[in-house]
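The values are calculated or read from the model by the stated rules, or taken from the named source; none is laboratory data. Because the structure is predicted, anything quoted here is derived from the model rather than measured. So basically every Cβ, Gly included, is an ideal-geometry build from the backbone, and we count neighbours across all protein chains shown. Areas reflect the complete protein model, heavy atoms only, side chains present, ligands, DNA and RNA absent. Shrake-Rupley method; radii C 1.70, N 1.55, O 1.52, S 1.80 Å.
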Amino acid sequence: MCELQETTSPSVGRRTLIRGASGLLIGGGLVAATATAAQAATSQNGWSAGSSSVVPLSTLSVGAATFPAGVRRGDVHIVLGYVARRFDREVEALVKGWCWGHSYRVISGSTSLSNHSSGTAIDLNAPRHPLGKSGTFSATQRSHIRSILNSCNGVVRWGGDYSGRKDEMHFEINVRPGDARLAALAKRIGGGGGGTPAPAPVAWTTVKRGASGFRVTAIQHLLRQRGYSLTVDGSFGPTTQSQVISFQRAKGLGADGIVGAKTWSALVVTVKRGSNGQAVVAAQKLLTHRGYSLTADGVFGAMTATKTQAFQQSRGLTADGVVGARTWAKLTA
Ligand SMILES: [Zn+2]
């Protein structure tokens with residue numbers, strides 16, 4: 001979005017200034033690029049840039065926001081997803097329709113491409129933090145942003161730190177492809193690596209009689225998967241409750257009819273490519289509910305695996321395409 005604003009920024013006009021060793025571009029007159037081979041190039045931070053058919057992209061959803069074109073697949077996706085998630089939790093909630101990722105734009109009169117062109121930059125809540133304006137965040141929010149940046153070890157740069165015109169909506173990858181710091185950060189965020197805090201325990205949302213909606217639908221499919229007979233209607237009524245109690249008894253759990261952490265853990269079934277059945281239907285419906293639309297056909301194929309990975313990346317989970325306990329918990333959060 002910042003590119004669009006740059007085109008109309010009266011304070012910048014047609015000037016193009018390039019400063020700093022990293023070649024930060026401050027300029028006006030950004031125009032939409034056409035994806036021709038002649039323009040095959042790298043964005044300002046050194047990553048290959050181009051249209052969405054050229055740049056390897058993966059969808060990104062964080063909180064209420066979806067980044068329309070996604071961001072660059074792989075470690076970049078993990079890191080920018082991490083930044084967006086922490087921003088959403090610690091700075092302010094992301095707003096649907098206000099966040100942007102990949103966008104193919106060149107700067108007029110220059111062959112230099114915005115980092116959005118390589119899918120290595122994101123804009124967060126753009127209308128609230130317009131290009132060229134500083135002080136759009138409170139001191140507390142700025143301290144949270146600083147904390148996020150510090151966690152990223154210099155791999156991510158914030159537009160609010162530009163020494164010239166500020167771009168407070170904007171966060172970008174500030175290292176070149178192959179930089180070991182990026183891989184190390186992605187690995188640390190992804191839950192591996194030495195010196196990493198132990199992963200948080202799996203957090204489940206408790207569901208009980210009277211509830212309705214996507215979690216109940218999932219519970220009903222999972223009960224069916226485990227041989228319990230009930231109608232999938234998304235409504236936690238007496239039949240669902242009695243089948244939950246039967247399941248709990250069979251598993252030696254406290255038979256209270258409430259699906260809490262222990263019951264969820266016992267109820268979910270790990271599904272992955274090649275799996276089929278009611279648990280797969282449950283996973284597909286949950287993914288669809290989260291914005292990763294799928295046909296709920298009960299067959300875990302390539303598309304379900306791809307959408308699972310995209311969901312996992314968006315939630316900071318290991319993107320292995322396998323729906324295990326941690327992924328089930330996020331899907332039913
Ligand atoms: Zn931007």
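Details
- Each Lys or Arg adds one and each Asp or Glu takes one away; over the other residues whose Cβ falls under 13 Å from the Cβ of residue 119, this sums to 0.
- Electrostatic bookkeeping for residue 241 treats Lys and Arg as +1 and Asp and Glu as -1; over the other residues with beta carbon under 12 Å from its beta carbon, the sum is +1.
- Extension gain for the segment residue 53 to residue 295, taken as residue separation times 0.36 nm less the Cα-Cα distance, is 84.7 nm to one decimal.
- Ordered from largest to smallest accessible area (heavy atoms of protein chains, 1.4 Å probe), the residues 88, 123, 297 come out as 297, 88, 123.
- Efficiency of FRET from Cβ geometry, residue 205 and residue 230, R₀ 25 Å, rounded to 0.05: 0.80
- Distance between modelled label sites at residue 176 and residue 95, nm, 7 Å Cα→Cβ extension: 3.9
- Cα-based Kirkwood hydrodynamic radius, the range 214-331, one decimal, Å: 14.3
- Taking label positions 7 Å along the Cα-Cβ direction at both residue 214 and residue 128, the computed distance is 2.2 nm, reported to one decimal.
- Ranked by the mean number of other Cβ atoms within 10 Å of their residues, highest first, the peptides 153-162, 135-144 fall in the order 153-162, 135-144.
- Förster radius 25 Å - calculated FRET efficiency between residue 303 and residue 333, Cβ distance, rounded to 0.05: 0.65
- Packing-based ranking of 170-177, 319-326, 216-223 yields 216-223, 170-177, 319-326, ordered from highest to lowest mean Cβ neighbour count within 10 Å.
- Using a probe of 1.4 angstrom and keeping all protein chains present, the accessible surface of the range 214-331 works out to 42 square angstrom per residue.
- A crude spin-label estimate for the pair residue 272 and residue 184, with each label 7 Å from Cα along the Cβ direction, gives 3.0 nm.
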